[in-house]
């Protein structure tokens with residue numbers, strides 16, 4: 001598994017206009033080829049009367065897939081510029097569909113490419129690019145007397161608390177960047193005097209650093 005990759009956090013939409021042609025771009029994270037195909041199909045259904053439904057998506061890792069379509073636009077003027085927006089930002093596990101409503105004026109090959117790329121770039125920024133990092137998750141069972149101090153130490157060390165359950169003791173789920181997973185034992189030993197034994201619970205990708213909270 002790769003240690004890091006760049007993707008987007010949410011689905012986002014952006015709209016631009018060029019000589020009365022409307023360009024509506026939708027960007028979203030994708031986990032699989034079937035999800036990418038479904039994404040394109042849903043946008044087609046949402047905008048059935050559009051002149052074109054241009055798309056591009058990238059699925060890296062073990063899949064290593066890149067796909068794009070001009071959907072009837074002149075070759076090289078639509079799908080490839082959208083794909084290049086993803087490539088230039090190093091975006092993976094994501095796709096963009098740009099819907100065009102023709103406004104009656106031809107834009108030329110250069111104008112088309114710029115319009116599709118501009119709409120795609122706006123949607124990409126709205127989807128909040130983020131770096132995902134491979135993390136080891138751990139389960140920790142701690143006493144109430146030390147749990148706040150342990151949380152603070154974990155936060156300082158760059159660990160993320162992904163779950164918490166209160167009972168007679170406190171059960172914590174913690175994600176640690178893979179390269180720093182060995183530090184967790186030392187932190188627990190320092191804070192709890194060796195009474196807490198972190199138990200590995202699997203590998204996940206997490207956004208690091210954590211994304212800013214959405215605006216209120």
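Summary table below
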{"read-out": "Alpha-carbon spread of the chain, three principal axes, descending order, Å", "value": "74, 37, 25"}
{"read-out": "The chain: relative contact order as a whole-number percent, Cα under 8 Å and 6+ apart", "value": "23 percent"}
{"read-out": "Pairwise label distance in nanometres, residue 10 with residue 33, each label 7 Å out on the Cα-Cβ vector", "value": "3.1 nm"}
{"read-out": "Estimated [θ] at 222 nm from DSSP helical runs (n ≥ 4, -39500 (n - 2.57)) normalised by residues in the chain, nearest 500", "value": "-9500 deg cm²/dmol"}
{"read-out": "Residue 171/residue 203 FRET efficiency (R0 22 Å; Cβ-Cβ; nearest 0.05)", "value": "0.65"}
{"read-out": "Nearest 10 degrees, 0 to 90: helix 79-88 Cα axis against the chain principal axis", "value": "30 degrees"}
{"read-out": "Residue among 127, 78, 181 with the largest mean-square fluctuation in a Gaussian network model of the chain, springs linking Cα atoms under 10 Å", "value": "181"}
{"read-out": "Gaussian network model of the chain, springs between alpha carbon atoms under 10 Å - residue of 43, 97, 146 with greatest fluctuation", "value": "146"}
{"read-out": "Angle in degrees between helix 183-192 and the longest Cα principal axis of the chain, rounded to the nearest 10", "value": "40 degrees"}
{"read-out": "Spatial separation of Cα centroids for the range 13-46 and the range 84-105, in angstrom", "value": "8 Å"}
{"read-out": "Binned Cα-Cα distance frequencies in the range 14-117 - 5 Å width, integer %", "value": "2, 14, 26, 25, 18, 10, 4, 1, 0"}
{"read-out": "Two-site label geometry, residue 109 and residue 139: point separation in nm, points 7 Å out along Cα→Cβ", "value": "6.1 nm"}
{"read-out": "Degrees separating the helix 144-156 axis from the principal Cα axis of the chain, which is the longest one", "value": "40 degrees"}
{"read-out": "Potential extension, residue 3-residue 157 segment - 0.36 nm per residue separation minus Cα distance", "value": "53.6 nm"}
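No value in this document is a laboratory result; all are computed from the given coordinates. All values reported here derive from a predicted model rather than from experimental measurement. Cβ atoms come from the backbone with ideal geometry, glycine included; neighbour counts cover every protein chain shown.
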